[in-house]
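Working notes for the structure below.
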Amino acid sequence: MAFFKVDVAAAAKNEGGSNTINKSGIYDVTLKNIIVDINDKGARTLNLFVDNNGTAQVMYGAIRLDNNDGTPNFQAGLFSKLAVVCGIEDISDPEEAELPIGKAGAMKEVAILPDFQDIELKMRVQMEYSVVPEGYAKAGQISEKKVIKAFYTDSGASAEEILNETEAGVKLAKDLAYAENVTYKDGLTEEAITAWIAGGRDSGSVPTSTAKAAPKASFGKPSFGKK
């Protein structure tokens, strides 16, 4: 009899290491690639393939460049700032490439922006929790988003500081005070989300006890960012 039967299915699951980005904070990351998605209306969305201390992950839907009607999305400005932080002025057209982002690290063919590869930088991420509205898939369930708020060079300079030739790191120092803020929408509370995460991010409907009469975005207490 074998000493132990290997559960291949369980071993293939990505449990999310300690360096997986799933909390608000300012992270030192390597931007490995930018993956381009284009929907049926021609709207472009950028997914960031990043490495945080040896843990690689894709930040899906990180930056949306276009609205479905063809107008620029408000996040397009964030991409311009990322380009400045990376020292890139002219951005080449996407190219086909294979990246290890499939199930269990399988290679997957995607379109990438070749100018953005293996760049060290800092990235501010703010977690946002809301309830999926009626009429959408998974209506009534909790939605967890990683909202990218800012980019800085690895030395801490923002795009504004680079372009205006002002002291580097001033914006980063200010942003550190808000780095661990979390946005709760649709009446969700910190307690409800903590329980949801502790329960393995159960996909079931949001408990009615989490709803409030007048839902507003609320934020956690300001504190310094952590990895």
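Output the residues belonging to region 161-196 that are β-branched (Val, Ile, Thr), closer than 22 Å to residue 123 by Cβ and surrounded by fewer than 16 Cβ atoms within 10 Å (Cβ to Cβ).
Across region 161-196, the qualifying residues are 166, 170.
Could you run through region 57-81 and say how many residues are farther than 19 Å from residue 43 by Cα and either more than 17 Å from the chain's Cα centre (by Cα) or not charged (D, E, K, R) (or both)?
Within region 57-81, residues that are farther than 19 Å from residue 43 by Cα and either more than 17 Å from the chain's Cα centre (by Cα) or not charged (D, E, K, R) (or both) number 2.
Select from region 68-120 the residues that are in contact with a Ser or Thr (Cβ under 9 Å, 6 or more places away or on another chain), among the charged types (D, E, K, R) and surrounded by 11 or more Cβ atoms within 10 Å (Cβ to Cβ) and write down the one among them that is nearest to residue 156 (Cα to Cα).
Going through the qualifying residues, I end up with 120.
Could you say which residue among 115, 69, 93, 51 is closer than 27 Å to residue 196 by Cα, of a type in the set (Asp, Glu) and either touching a residue at least 24 places away in the same chain (Cβ under 8 Å) or out of contact with any Leu (no Cβ under 8 Å at 6 or more places or on another chain) (or both)?
Result of the check over 115, 69, 93, 51: 51.
When you go through 213, 139 one by one, which is the residue that is hydrophobic (A, V, I, L, M, F, W, C), in a loop (DSSP other than H, G, I, E, B), out of contact with any helix residue (DSSP H, G or I) (no Cβ under 6 Å at 6 or more places or on another chain) and at pLDDT below 90?
One residue alone meets the criteria, 213.
So for region 36-46 (the condition being polar (S, T, N, Q), modelled with pLDDT of 95 or more and assigned to a strand (DSSP E or B)), does at least one residue qualify?
Within region 36-46, one or more residues are polar (S, T, N, Q), modelled with pLDDT of 95 or more and assigned to a strand (DSSP E or B).
Considering only residues of region 137-160 that are in contact with a Ser or Thr (Cβ under 6 Å, 6 or more places away or on another chain) and in contact (Cβ under 8 Å) with a residue 24 or more places away in the chain, which is surrounded by the fewest Cβ atoms within 10 Å (Cβ to Cβ)?
Across region 137-160, the extreme among qualifying residues is 140.
Only one of 58, 29 is hydrophobic (A, V, I, L, M, F, W, C), at pLDDT 95 or above, out of contact with any helix residue (DSSP H, G or I) (no Cβ under 9 Å at 6 or more places or on another chain) and surrounded by 18 or more Cβ atoms within 10 Å (Cβ to Cβ). Can you tell me which?
One residue alone meets the criteria, 29.
Please specify each residue of region 161-191 satisfying the condition of being within 19 Å of residue 78 (Cα to Cα), among the charged types (D, E, K, R) and in contact (Cβ under 8 Å) with a residue 60 or more places away in the chain.
Result: 175, single match.
One residue is enough: does region 2-24 have a residue meeting the conditions over 24 Å from residue 198 (Cβ atoms) and at pLDDT 95 or above?
no
The values are calculated or read from the model by the stated rules, or taken from the named source; none is laboratory data. Keep in mind the model is a prediction, meaning the values are calculated, not measured. Positions of Cβ are backbone-derived with ideal geometry, glycine not excepted, and every protein chain shown enters the neighbour counts.
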